[in-house]
Amino acid sequence: MGEYLARKQPAILQQARKAKTHSFSPYSNFAVGAALETKSGKIYTGCNIESSSYGLTICAERVAMFKAISEGESQFSRIAVCTDTDEFCPPCGACRQVLVDFAPNIKVLLLNSKNEVKETTIAALLPEAFNKDFLNNR
Ligand code: THU
């Protein structure tokens, strides 16, 4: 895991950046794009979509994941998250939980406005996570 400058721009990074252009974020003015890659190599994209009732907003990562799940996908290798910030923007807590639920071994690529990439994993971002195994012990 680490940081690097993405020169060639793999498809997953290009698609995360493109998805960001569809962001509907007039309240926060904070655009996010995500691209989720299945183990078979297919990519599902998402952007954040805000509501005038702010709490109904959904993040880019969950849009991408729920699109993929709704299409019957279940095996995921990587998710890229792109923002217009100099800092790397990691997934929020709610998205980390959803990623753990559906892709506990997924790699996470953070793409900033300078085209730099930081690689991490959901296991590093959400250690000691709650998951479905705890529900079976009741
Ligand atoms: N947002 C995401 O889409 N993903 C994240 O991981 C962090 C936050 C969105 C939600 C909201 O539309 C805006 O960014 C500001 O919180």
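Values in this text are rule-based calculations from the coordinates and carry no lab data. These figures come from a predicted structure and were not determined experimentally. Backbone-built Cβ (ideal geometry, glycine too); neighbour counts: all protein chains shown.
Odds and ends about this structure:
- Residue count for the range 1-23, restricted to those that are surrounded by fewer than 11 Cβ atoms within 10 Å (Cβ to Cβ) and hydrophobic (A, V, I, L, M, F, W, C): 2
- Any hit, the range 62-77, residues being more than 15 Å from the ligand (Cβ to nearest atom) and in contact with a Leu (Cβ under 7 Å, 6 or more places away or on another chain): yes
- Selection of the range 78-100 for residues being more than 10 Å from the ligand (Cβ to nearest atom) and of a type in the set (S, T, Y) yields only T85.
- Among the numbered conditions (1) touching a strand residue (DSSP E or B) at 6+ places or on another chain (Cβ under 8 Å); (2) away from the ligand (no atom under 16 Å from the Cβ), the only one that A103 does not meet is (2).
- Within the range 32-47, the residues that satisfy the criterion of being under 13 Å from the mean Cα position of the chain (by Cα) and either within 8 Å of the ligand (Cβ to nearest atom) or of a type outside the set (S, T, Y) (or both) are V32, G33, A34, A35, L36, E37, I43, G46, C47.
- Among (1) within 22 Å of P127 (Cα to Cα); (2) in contact with an Asp or Glu (Cβ under 7 Å, 6 or more places away or on another chain) - the single one R62 does not satisfy: (2)
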